[in-house]
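I have placed the structure first, in the form of structure tokens, so that the comments after it can refer back to it.
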Amino acid sequence: MKQSEGKLFKYPKFPELIIHEDDNIIVINKPPFIASLDEREGGEVNILRLAKKYFAEAQICHRLDKETSGILLIAKNPETYRLISIEFEKRRVDKIYHAVIEGTHVFNDLKVDLPILNQGNKNVSIDRYNGKAAETIFNSIQYFKHYTLVECKPITGRMHQIRIHLATQHAAIVGDDMYRGKPVYLSQIKKRGFTLSKDEDEQPIMKRFALHSKKVTFTIDQKQYTFEAPYPKDFAILVKQLEKFDA
């Protein structure tokens, strides 16, 4: 997303994001275009700052890429933060993401096991010798003529893991220009009756990469929690347009 577009984005009120809250945890459906934590530039609104204004002791238990929407877990006390952190560290948190990818791909429990090297400055690469173990399982959910809706289950939690693992399968997430994913334009899928005025530039259906943290399941203090986040408006519109014009 370009900086100029960011200025047009209206930040929601934190309580509107909450899916679940109890004495120990807040679960939100993170909107796109808001960083989880402070970024180097500073000053920008982020989920941690919004959460701390709502509840002073709030600590974010994991992070999502700025453009990624969906489930984000926030602890309300140090003990809950510690317990959830251990679950993530031990890889006992079951995470499900949905993504729209380029091309028709039949993924049936496809396991991508390719080490990822964090090169710093938000750049990662596949590196079989120096990278850290990274494993993701993919399943196709819905097929379109030119695209596929897929379920992504990261077993590990490396930076950009789902995005780069999909790119290795020639199945980049739409709109993910870092991994050569192209945006979807209505003119590409709606061949009849699509018109633009002379001065109008066509905008993509979705102005970010199509990745959403759909569902999280974990256990703390012998109690299992499962939370699910509906698609945000832009993701839902993309899927609806594909169902209508690219089925």
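Derivation of every value follows stated rules applied to the coordinates shown; laboratory data play no part. Note that the coordinates shown come from a computational prediction; the quantities given were computed from them, not determined experimentally. Neighbour counts run over all protein chains shown; Cβ positions are idealised from the backbone, glycine included.
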- Message: Using Cα-Cα distances under 8 Å and only pairs 6 or more residues apart, what relative contact order does the stretch 1-158 have, in percent?
- Response: 17
- Percent of beta bridges antiparallel (DSSP, the chain, rounded to nearest 5): 95
- Would you grab the residues whose amide H sits under 5 Å from the one on A134? Only those 5+ places off in sequence or on another chain, please, with H modelled 1.01 Å from N. L114, I116
- Task: Among Q59, L186, S36, flag the residue with its Cα farthest along the positive direction of the charge dipole of the stretch 3-245, charges on Cβ as +1 for Lys/Arg and -1 for Asp/Glu.
- Result: L186
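Would you mind giving the three semi-axes, in whole Å and largest first, of the ellipsoid equivalent to the stretch 157-247 according to its Cα gyration tensor?
So the equivalent ellipsoid measures 33, 17, 11 Å along its semi-axes.
Based only on Cα atoms, what mean projected area does the convex hull of the chain have, in nm²?
Numbers: hull surface 58.4 nm².
Averaging across all directions leaves 14.6 nm² for the Cα convex hull.
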- Note on the structure: Listed by chain and number, the residues whose amide H is under 5 Å from that of I220, excluding neighbours fewer than 5 places away on the same chain and using placed H, are Y225
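Expressed as a rounded percentage, what relative contact order does the stretch 80-161 have, with Cα pairs under 8 Å and six or more residues apart? Write out the running numbers ahead of the final one.
Numbers: 155 pairs, mean separation 28.0, N = 82.
After rounding, I find 34 percent.
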- Note on the structure: Largest fluctuation, N121, N24, N77 only, Gaussian network model of the chain with Cα springs under 10 angstrom, belongs to N121
- To the nearest 20 debye, what charge dipole does the chain have about its Cα centre, counting +1 at the Cβ of each Lys and Arg and -1 at the Cβ of each Asp and Glu? 320
- Note on the structure: Distance in Å, no decimals, from the C-alpha centre of the stretch 20-87 to the one of the stretch 101-154 is 25
- Non-local amide H neighbours of A35 (under 5 Å, H modeled in plane, Pro and chain starts lacking H): which ones? I47
- Query: Points 7 angstrom from Cα along the Cβ direction at K240 and E79: gap in nanometres?
  - Reply: 4.5
- Message: Taking 28 Å as the cut-off for C-alpha to C-alpha distance, list the pairs among K53/K90; K122/K198; K52/K233; K13/K215; K53/K182 that go past it.
- Response: K53/K90; K122/K198; K53/K182
- Message: Compute a Gaussian network model of the chain, connecting alpha carbons closer than 10 Å, and tell me which residue from P15, P204, P115 fluctuates the most.
- Response: P15
- Which ³J(HN,Hα) values in Hz, rounded to whole numbers, follow from the phi angles of the stretch 187-204 under the Karplus curve 6.51 cos²θ - 1.76 cosθ + 1.60, where θ = phi - 60° and Gly and Pro get x? 4, 6, 9, 9, 6, 10, x, 9, 9, 10, 6, 3, 8, 8, 9, 6, 9, x
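For the chain, list the DSSP H helices whose alpha carbon atoms reach 30 Å or more along the long axis and whose average Kyte-Doolittle value is 0.5 or above?
On the way: long enough: none.
Within the chain not a single helix satisfies the rule.
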